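Chemist: Here you go, one structure.
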Amino acid sequence: MNADDRTRRQTVEPRLNRYRRRQFVLPTAISFIMSGACFVTAWYTGAEPLAVLLICCVGLMIALLSLMFSYMTMLDEGDGLFVGFGPLTAFGTRIHYDEITRVDRGAMTLADGIGIHTNLQGAESFNPGTRDCVVVHLKNSSAVRIGTSDVEVLRRFLEARIEANRSR
């Protein structure tokens with residue numbers, strides 16, 4: 001492929017900037033401290049072995065849950081935006097760009113909490129512990145609220161993707 005072919009391809013198929021953001025969840029440190037407290041308690045108590053095993057299992061469970069929700073990833077996958085928590089991203093969703101009708105700036109409430117929730121209006125919330133969010137309205141009259149400290153960049157990126165899909 002020579003330079004003229006590359007120039008022609010870029011004018012026919014303009015490339016959009018990719019979006020990737022990883023935001024850490026603030027209460028994770030508190031959960032790890034609680035997990036450590038369980039192990040210290042199990043070590044220093046002279047309880048029966050079954051009680052020590054139970055306390056260690058609780059501490060391990062808290063540590064695993066903390067690890068699974070330690071950060072939230074927002075990643076452009078070409079045809080949609082993936083939003084998920086943790087290194088395994090077992091809990092997440094994909095929002096296809098052609099399903100988005102509009103994008104607004106919003107604010108999380110105390111009822112939205114931290115993590116993944118569905119509020120009373122039926123909107124899914126993905127919140128790593130921030131107040132600001134991007135509200136993504138979908139064609140099926142539902143909404144997804146994505147908490148981020150980088151609201152304007154995510155909103156502009158999603159609006160550019162919506163425009164690119166409409167112009168096709």
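The values are calculated or read from the model by the stated rules, or taken from the named source; none is laboratory data. This structure is a prediction, so every number in the text was calculated from the model and none was measured. Glycine also receives a Cβ, built like all others from the backbone with ideal geometry; neighbour counts cover every protein chain displayed.
Chemist: Please work out which one of (1) over 12 Å from Ile146 (Cβ atoms); (2) crowded, with 16+ Cβ neighbours inside 10 Å is the condition Val83 fails and give its number.
Modeler: For Val83, the exception is condition (1).
Chemist: So, one more: Does any residue of segment 107-125 turn out to be without any contact (Cβ under 8 Å) to a residue 12 or more places away in the chain and within 15 Å of the chain's Cα centre (by Cα)?
Modeler: Looking for residues that are without any contact (Cβ under 8 Å) to a residue 12 or more places away in the chain and within 15 Å of the chain's Cα centre (by Cα), one finds at least one in segment 107-125, hence yes.
Chemist: Would you point out the residue of segment 94-104, among those that are in contact (Cβ under 8 Å) with a residue 24 or more places away in the chain and in contact with an Asp or Glu (Cβ under 7 Å, 6 or more places away or on another chain), that is surrounded by the fewest Cβ atoms within 10 Å (Cβ to Cβ)?
Modeler: This residue is Val103.
Chemist: Right, next: Check segment 153-163 and report whether any residue there is under 14 Å from the mean Cα position of the chain (by Cα) and outside the structural domain of Gly36 (by TED's automatic domain parsing).
Modeler: Yes - at least one qualifying residue is present in segment 153-163.
Chemist: How many residues does segment 140-161 hold that are surrounded by 18 or more Cβ atoms within 10 Å (Cβ to Cβ), of a type in the set (Val, Ile, Thr) and over 16 Å from Thr93 (Cα atoms)?
Modeler: Residues that pass the stated criteria total 1.
Chemist: Given (1) assigned to a strand (DSSP E or B); (2) of a type outside the set (Ser, Thr, Tyr); (3) over 29 Å from Ala29 (Cβ atoms), identify the lone condition not met by Val135.
Modeler: All conditions pass for Val135, except number (3).
Chemist: May I ask you to list the residues in segment 117-130 that are under 19 Å from Ser31 (Cβ atoms), touching a Gly at 6+ places or on another chain (Cβ under 8 Å) and part of a strand (DSSP E or B)?
Modeler: Answer for segment 117-130, where residues must be under 19 Å from Ser31 (Cβ atoms), touching a Gly at 6+ places or on another chain (Cβ under 8 Å) and part of a strand (DSSP E or B): Phe126, Asn127.
Chemist: Sticking with this one: Any idea which of Thr93, Thr89 is modelled with pLDDT under 85 and not assigned by TED's automatic domain parsing to the domain that holds Gly36?
Modeler: Answer to the check: Thr89.
Chemist: Also, I was wondering about something else. Of all residues in segment 91-131, which are farther than 24 Å from Arg161 by Cβ and of a type in the set (A, V, I, L, M)?
Modeler: Of everything in segment 91-131, those that are farther than 24 Å from Arg161 by Cβ and of a type in the set (A, V, I, L, M) turn out to be Leu110, Ala111, Ile114, Leu120.
Chemist: Here is a list: Ala63, Ala37, Ala29. Which entry is exposed (fewer than 15 other Cβ atoms within 10 Å of the Cβ), in a helix (DSSP H, G or I) and at pLDDT 85 or above?
Modeler: After ruling out the rest, the residue left standing is Ala37.
Chemist: Pairs only if they're at least six apart or on different chains, beta carbon under 6 angstrom, first in segment 68-82 and assigned by TED's automatic domain parsing to the domain that holds Arg161 and without any contact (Cβ under 8 Å) to a residue 40 or more places away in the chain, second surrounded by 15 or more Cβ atoms within 10 Å (Cβ to Cβ) and not in a loop (DSSP other than H, G, I, E, B); list them, first residue then second.
Modeler: The qualifying pairs are Gly80/Ile95; Gly80/Tyr97; Phe82/Leu75.
Chemist: How many of the residues making up segment 139-162 are charged (D, E, K, R), closer than 16 Å to Gly80 by Cα and assigned to a helix (DSSP H, G or I)?
Modeler: The total comes to 4.
Chemist: Something else: From the residues in segment 108-139 that are hydroxyl-bearing (Ser, Thr, Tyr) and farther than 18 Å from Leu75 by Cβ, which one is surrounded by the fewest Cβ atoms within 10 Å (Cβ to Cβ)?
Modeler: Thr118
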